[in-house]
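The values are calculated or read from the model by the stated rules, or taken from the named source; none is laboratory data. Computed from a prediction, not measured in an experiment: that's the story for all the values here. Because the Cβ atoms are built from the backbone with ideal geometry, glycine has one as well, and the counts that use them run over all protein chains shown.
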Amino acid sequence: MAPILPPDLNAPFQDPKIVQLRTSKMKTMRDLSISTGIYKQPRSDRVFCSFTGLESDEHDLTFHGGVDKAVHQYFPAHYASWASEFPARREAFEIGGFGENLVCSGGMNERNVCIGDIFRVGAERDGVYLQVSLPRQPCFKLNHRFGIKGFAAQTWKKSRTGWYYRVLREGWMQVGDSMVLVERKYPEWTIERIQEYLHRDTKNLGKLEELQRIDEFGNECKRAFKSMIASLRQEMENSQKAKEPEKWEEFEVVEKEAQTNRIISLVLKKESEGEGEGEKLDPGCFVRLKLPNGLIRPYSIVGGNTHRFELGIALEDESRGGSHYLYHSLKTGDKLLVGKITPSVPIKEGASNHIFIAGGIGITAFLAHMDMYNQINYNMELHYAVRSAHDIPFKSQLRKFGDRVRIYDAEMGQRMDIPRILAGRKWNSSIYVCGPQRMIDDAVRASNACGMAQDEIHYEAFQIATSGDPFTVELKRSKQVLEVGGQTTLLETLRSAGLDIDSSCETGNCGTCRVEVCAGKVEHRGSALGQEDKRVAMLSCVSRGVGRIVIDF
């Protein structure tokens with residue numbers, strides 16, 4: 001028997017007909033608490049298609065459905081390709097697995113279907129007119145559906161995502177109906193070629209500008225092209241500029257509120273007028289404040305934009321002047337100098353579940369993430385350790401998350417068991433930890449014991465010891481020798497010597513202040529470096545040399 005050859009994906013499709021029509025109600029996703037419309041079943045009846053999709057079909061409207069995503073089609077022969085590439089999950093790759101509405105014969109796929117294509121489905125009198133509006137942007141639910149971590153990214157890397165239609169004319173369709181191509185306006189822009197510049201060759205400004213001019217794209221792609229073009233132009237502009245010192249701008253304290261007996265919230269507003277409302281911030285950012293006493297301190301942003309944002313600040317038991325000033329002396333109407341805003345906590349879009357572990361003021365690092373995941377119907381849980389029930393800040397925000405929040409009250413003898421939490425995590429979970437160093441140390445030990453990969457867990461330290469034994473540092477290139485005092489960091493010592501070194505969080509989270517170590521032993525602190533990096537580098541803001549070290553500077 002001759003081998004079965006794979007289909008020629010670049011060949012034109014031939015007389016396509018509907019083989020299956022599939023719809024579903026929203027259902028709970030396997031092993032999660034969120035709902036999904038991915039579990040679609042075949043229909044044998046004649047189905048009405050409105051401007052928002054097939055009758056009785058339900059969507060998670062966070063990312064699916066709506067007029068730009070009314071109907072999804074997927075090439076059925078892709079399932080055999082996936083099964084051969086992931087043989088351990090072969091049984092999962094059945095028609096309908098991607099949650100598609102249309103399954104057609106004739107070879108329609110991402111390499112011969114173009115943006116803006118208009119098809120008539122069914123009879124001329126009462127059939128449907130569909131227009132290709134978007135390539136599908138896969139989310140974590142595909143990872144979970146097929147039980148393969150990172151699978152969603154494979155779909156766009158290989159252009160096997162399927163595509164969406166908008167409905168130009170409502171009507172009826174059924175199995176056996178022909179898909180008749182009525183108009184092709186952009187023959188050069190197949191779904192596969194669009195994904196080349198949307199996902200793979202993302203630095204091609206000319207092609208992105210060309211794509212931006214195609215009005216037939218749905219809003220999702222229009223927003224993506226606009227953002228990508230703006231970022232590329234900014235990169236080009238920045239590359240032509242000399243490095244500028246950090247810019248400090250004056251902000252006014254417009255709100256100061258006691259969240260608990262030891263935690264306050266501050267709302268800061270930019271003083272400059274006529275600059276609009278500010279740009280939206282990604283969740284997980286922090287900002288640097290310069291205080292009147294000269295101290296510079298980073299704080300997590302709870303919410304807001306570049307012109308107005310909220311912070312949470314705890315009065316430290318051994319404050320060196322930062323939290324003490326903000327808690328006791330700062331008043332509404334006072335001015336503060338605000339430096340750069342920097343992303344810190346990553347957005348893990350491919351995870352099936354998100355576990356936040358926080359202690360005390362560490363909750364501020366995650367509130368914006370949790371709010372975003374709550375809004376977009378992602379599975380999440382919070383484990384939050386506090387001194388007592390009276391020491392919980394931002395209670396109104398936490399209430400929104402309902403039973404996904406578990407509080408551990410130390411005053412009541414309740415202890416967070418991090419090894420148990422990590423050992424019992426759902427498949428494909430991402431973990432985020434922010435708290436005192438002992439909490440982070442516990443999480444590191446527990447994650448190692450569970451065999452977790454480094455990219456499955458993220459650490460944020462809100463307070464870290466920077467002092468220690470004095471040490472000597474030799475600069476390899478200049479042969480200069482500097483002494484680092486017991487109460488001074490390597491970063492401070494290098495700057496005092498007139499050396500230009502970047503930094504951002506200055507708590508060991510971001511890695512901006514990394515320096516390469518050529519010789520000597522290092523006492524590593526902070527969480528920004530993995531085990532491999534620790535062999536050749538150190539964080540100058542928190543880590544310390546032992547005796548004498550040599551750095552590449």
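Among the residues of this structure, I421 counts as one that is outside any loop (DSSP other than H, G, I, E, B), within 25 Å of the chain's Cα centre (by Cα) and surrounded by fewer than 22 Cβ atoms within 10 Å (Cβ to Cβ).
So which residues in segment 289-307 are outside any loop (DSSP other than H, G, I, E, B) and at pLDDT below 90, if there are any at all? Steps first, please.
Residues of segment 289-307 outside any loop (DSSP other than H, G, I, E, B): 289-290, 296-305.
Within segment 289-307, I296, R297, P298 meet the criteria.
Residue count for segment 463-507 satisfying the condition of being modelled with pLDDT of 90 or more and within 31 Å of the chain's Cα centre (by Cα): 1. Every listed requirement among (1) farther than 12 Å from S24 by Cβ; (2) modelled with pLDDT under 95; (3) of a type outside the set (A, V, I, L, M) is met by D60 save one, (1).
Residues in segment 4-38 that are part of a loop (DSSP other than H, G, I, E, B) and of a type in the set (A, V, I, L, M, F, W, C): I4, L5, L9, A11, F13, M26, M29, L32, I34, I38. Of all residue pairs spaced 6 or more apart or on separate chains, those with beta-carbon atoms under 6 Å, a first member in segment 533-553 that is basic (K, R) and a second member that is assigned to a loop (DSSP other than H, G, I, E, B) and at pLDDT below 95 are K534/H524; R544/G468. Could you please let me know if L330 is within 25 Å of C510 (Cβ to Cβ), out of contact with any Ser or Thr (no Cβ under 9 Å at 6 or more places or on another chain) and crowded, with 16+ Cβ neighbours inside 10 Å? It is false that L330 is within 25 Å of C510 (Cβ to Cβ), out of contact with any Ser or Thr (no Cβ under 9 Å at 6 or more places or on another chain) and crowded, with 16+ Cβ neighbours inside 10 Å.
Do we find that S447 is touching a strand residue (DSSP E or B) at 6+ places or on another chain (Cβ under 8 Å), polar (S, T, N, Q) and in the same structural domain as G360 (by TED's automatic domain parsing) in this structure? Can you show your working first?
Working: touching a strand residue (DSSP E or B) at 6+ places or on another chain (Cβ under 8 Å): yes; polar (S, T, N, Q): yes; in the same structural domain as G360 (by TED's automatic domain parsing): yes.
Yes, satisfied.
Which of the residues spanning segment 390-407 are within 28 Å of A449 (Cα to Cα) and buried (at least 17 other Cβ atoms within 10 Å of the Cβ)? Answer for segment 390-407, where residues must be within 28 Å of A449 (Cα to Cα) and buried (at least 17 other Cβ atoms within 10 Å of the Cβ): R404, V405.
Evaluation of L482 against the conditions (1) closer than 26 Å to V517 by Cβ; (2) outside the structural domain of S543 (by TED's automatic domain parsing); (3) assigned to a strand (DSSP E or B) shows that the sole unmet condition is (2).
Restricting segment 217-246 to residues that are of a type outside the set (A, V, I, L, M, F, W, C) and in contact with a strand residue (DSSP E or B) (Cβ under 7 Å, 6 or more places away or on another chain), which is surrounded by the fewest Cβ atoms within 10 Å (Cβ to Cβ)? Residue satisfying both the conditions and the ranking: E246.
Looking only at segment 324-342, count how many residues are more than 12 Å from I313 (Cβ to Cβ), in contact with a strand residue (DSSP E or B) (Cβ under 9 Å, 6 or more places away or on another chain) and of a type outside the set (A, V, I, L, M). Quick ask: steps written out before the conclusion?
The first filter runs over segment 324-342 and keeps only residues more than 12 Å from I313 (Cβ to Cβ), leaving 329, 331-335, 337-342.
From the residues that got through so far, the ones that are in contact with a strand residue (DSSP E or B) (Cβ under 9 Å, 6 or more places away or on another chain) too are 331-335, 337-342.
In the following step, the residues that additionally are of a type outside the set (A, V, I, L, M) were identified as 331-335, 339-340, 342.
Residues flagged as more than 12 Å from I313 (Cβ to Cβ), in contact with a strand residue (DSSP E or B) (Cβ under 9 Å, 6 or more places away or on another chain) and of a type outside the set (A, V, I, L, M) within segment 324-342 amount to 8.
Residue count for segment 359-401, restricted to those that are outside any helix (DSSP H, G or I), touching a residue at least 60 places away in the same chain (Cβ under 8 Å) and over 21 Å from I418 (Cβ atoms): 5.
Give the residues of segment 356-389 that are at positive phi and surrounded by fewer than 22 Cβ atoms within 10 Å (Cβ to Cβ), sorted by residue number. N377, the sole residue that qualifies.
For (1) under 22 Å from the mean Cα position of the chain (by Cα); (2) of a type in the set (G, A, S); (3) assigned by TED's automatic domain parsing to the domain that holds I361; (4) closer than 21 Å to K348 by Cβ, each residue gets a yes or a no:
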| position | (1), (2), (3), (4) |
| --- | --- |
| H383 | yes, no, yes, yes |
| V386 | no, no, yes, no |
| A389 | no, yes, yes, no |
| K395 | no, no, yes, no |
| A410 | no, yes, yes, no |
| G413 | no, yes, yes, no |
| N428 | yes, no, yes, yes |
| P436 | no, no, yes, no |
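Of all the residues in segment 133-173, those that are aliphatic (A, V, I, L, M) and not in a helix (DSSP H, G or I) number 5. Got a number for residues in segment 140-187 being of a type outside the set (S, T, N, Q) and touching a Pro at 6+ places or on another chain (Cβ under 6 Å)? Selection size over segment 140-187: 3. Checked against the criterion of being assigned by TED's automatic domain parsing to the domain that holds S265, part of a strand (DSSP E or B) and either within 33 Å of the chain's Cα centre (by Cα) or closer than 20 Å to C505 by Cα (or both), the candidates E316, E277, E310 yield just one match: E310. In summary, F286 fulfils each of the numbered conditions (1) closer than 24 Å to P343 by Cβ; (2) surrounded by 13 or more Cβ atoms within 10 Å (Cβ to Cβ); (3) modelled with pLDDT of 95 or more; (4) within 27 Å of the chain's Cα centre (by Cα) with the single exception of condition (3). When K256, K226, K203 are screened for being in a loop (DSSP other than H, G, I, E, B) and either at pLDDT 95 or above or farther than 30 Å from E310 by Cα (or both), only K203 passes.
Residues of segment 229-243 being small (G, A, S) and assigned to a helix (DSSP H, G or I), which ones? Result: A230, S231, S239. Contact map, segment 422-442: residues that are farther than 17 Å from A461 by Cα paired with residues that are assigned to a loop (DSSP other than H, G, I, E, B) and small (G, A, S), Cβ distance under 6 Å, separation 6+ or inter-chain. Pairs shown: N428/A351; N428/S352; S430/A351.
Being of a type in the set (D, E) and either more than 38 Å from the chain's Cα centre (by Cα) or modelled with pLDDT under 85 (or both) is the requirement here; does E460 meet it? Criteria not met by E460.
On the given criteria, is G206 without any contact (Cβ under 8 Å) to a residue 24 or more places away in the chain, assigned by TED's automatic domain parsing to the domain that holds R111 and of a type in the set (G, A, S)? Write out each step before concluding.
Numbers: without any contact (Cβ under 8 Å) to a residue 24 or more places away in the chain: yes; assigned by TED's automatic domain parsing to the domain that holds R111: yes; of a type in the set (G, A, S): yes.
Taking the combined requirement at face value, the residue satisfies it.
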